[in-house]
1. Kindly establish whether Lys19 is at pLDDT 55 or above, surrounded by 23 or more Cβ atoms within 10 Å (Cβ to Cβ) and basic (Lys, Arg).
2. Of all residues in the stretch 131-173, how many are surrounded by 14 or more Cβ atoms within 10 Å (Cβ to Cβ), under 24 Å from His191 (Cβ atoms) and not hydrophobic (A, V, I, L, M, F, W, C)?
3. With Asp121, Asp82 as the choices, which residue is touching a residue at least 12 places away in the same chain (Cβ under 8 Å), surrounded by fewer than 16 Cβ atoms within 10 Å (Cβ to Cβ) and of a type in the set (Asp, Glu)?
4. Does Ala171 count as assigned to a loop (DSSP other than H, G, I, E, B), in contact (Cβ under 8 Å) with a residue 60 or more places away in the chain and within 23 Å of Met99 (Cβ to Cβ)?
5. State which residue is surrounded by the fewest Cβ atoms within 10 Å (Cβ to Cβ) when the search covers only the stretch 177-195 and only residues that are in contact (Cβ under 8 Å) with a residue 60 or more places away in the chain and of a type outside the set (A, V, I, L, M, F, W, C).
6. Going through Phe136, Phe143, Phe123 one at a time, which residue ends up being closer than 19 Å to Leu103 by Cα, over 13 Å from the mean Cα position of the chain (by Cα) and either of a type in the set (A, V, I, L, M, F, W, C) or at pLDDT 95 or above (or both)?
Amino acid sequence: MIFGRSERGKPPVEPVTLKILVAGGFGVGKTTLVGAVSEIRPLRTEEQLSETGRPVDDTSGVESKSTTTVAMDFGRITLREDLVLYLFGTPGQERFWFMWDELSEGALGAVVLADTRRLEDCFAAVDYFERRSIPFLVSVNCFEGADRYPAEAVRQALDLDDGVPVVLCDARERGSVKEVLIGLVRHAMDHAADRREAALN
């Protein structure tokens with residue numbers, strides 16, 4: 001089926017659009033994740049790392065990284081004819097965190113991307129979404145050469161509530177990223193249902 005048309009005799013389907021954030025530390029793979037799954041050419045706001053920023057940009061573990069997101073990454077994926085996700089990748093460096101409040105406005109939920117070699121870099125994102133009661137899951141980007149840990153070990157290291165999903169992914173692979181996004185949508189919907197039920201009781 002061509003997007004925007006429906007089967008003969010059926011009215012056109014107006015898709016539900018949902019906003020998803022992709023957050024995490026510097027160099028964890030947020031831009032790669034958005035680019036791997038987006039069905040449109042992703043909007044990127046990357047700039048070259050400069051000598052001026054060297055004192056504040058911690059490139060430990062990502063020494064080969066030469067660019068950084070200074071505003072956001074943007075992409076889109078159609079999960080079903082009636083469901084479209086808009087992806088907003090947040091900047092990972094601390095000096096750009098002031099943009100997170102605006103980017104998170106109206107978001108259904110967030111993917112917090114983690115690198116087990118620098119797990120502490122995702123603490124700020126976890127804390128941000130916990131404080132604002134925005135549903136999120138932690139997705140461990142399995143870099144080549146990095147040690148692999150079971151999801152439960154990552155949960156304990158990040159001190160996550162039992163209800164927060166932890167999944168493994170390859171941010172370069174469309175199918176892997178798609179499964180992460182489907183998991184987040186399900187988690188966010190369950191979270192919303194729980195809040196409605198709590199409000200009625």
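1. no
2. Final tally of qualifying residues: 5.
3. Details: Asp121 fails: surrounded by fewer than 16 Cβ atoms within 10 Å (Cβ to Cβ).
Among Asp121, Asp82, only Asp82 is touching a residue at least 12 places away in the same chain (Cβ under 8 Å), surrounded by fewer than 16 Cβ atoms within 10 Å (Cβ to Cβ) and of a type in the set (Asp, Glu).
4. For Ala171, the condition - assigned to a loop (DSSP other than H, G, I, E, B), in contact (Cβ under 8 Å) with a residue 60 or more places away in the chain and within 23 Å of Met99 (Cβ to Cβ) - is met.
5. Of all residues in the stretch 177-195, those in contact (Cβ under 8 Å) with a residue 60 or more places away in the chain come to 177-178, 180-182, 184-185, 187-188, 191.
Narrowing further to those that are of a type outside the set (A, V, I, L, M, F, W, C): 178, 187, 191.
Values: Lys178: 16, His187: 18, His191: 18.
So the residue we want is Lys178.
6. Step by step, each of Phe136, Phe143, Phe123 is checked, and only Phe123 is closer than 19 Å to Leu103 by Cα, over 13 Å from the mean Cα position of the chain (by Cα) and either of a type in the set (A, V, I, L, M, F, W, C) or at pLDDT 95 or above (or both).
The values are calculated or read from the model by the stated rules, or taken from the named source; none is laboratory data. Note that the structure is predicted; figures quoted are calculated from it, not measured. In this analysis, Cβ positions are derived from the backbone assuming ideal geometry, glycine residues included, and neighbour counts consider all displayed protein chains.
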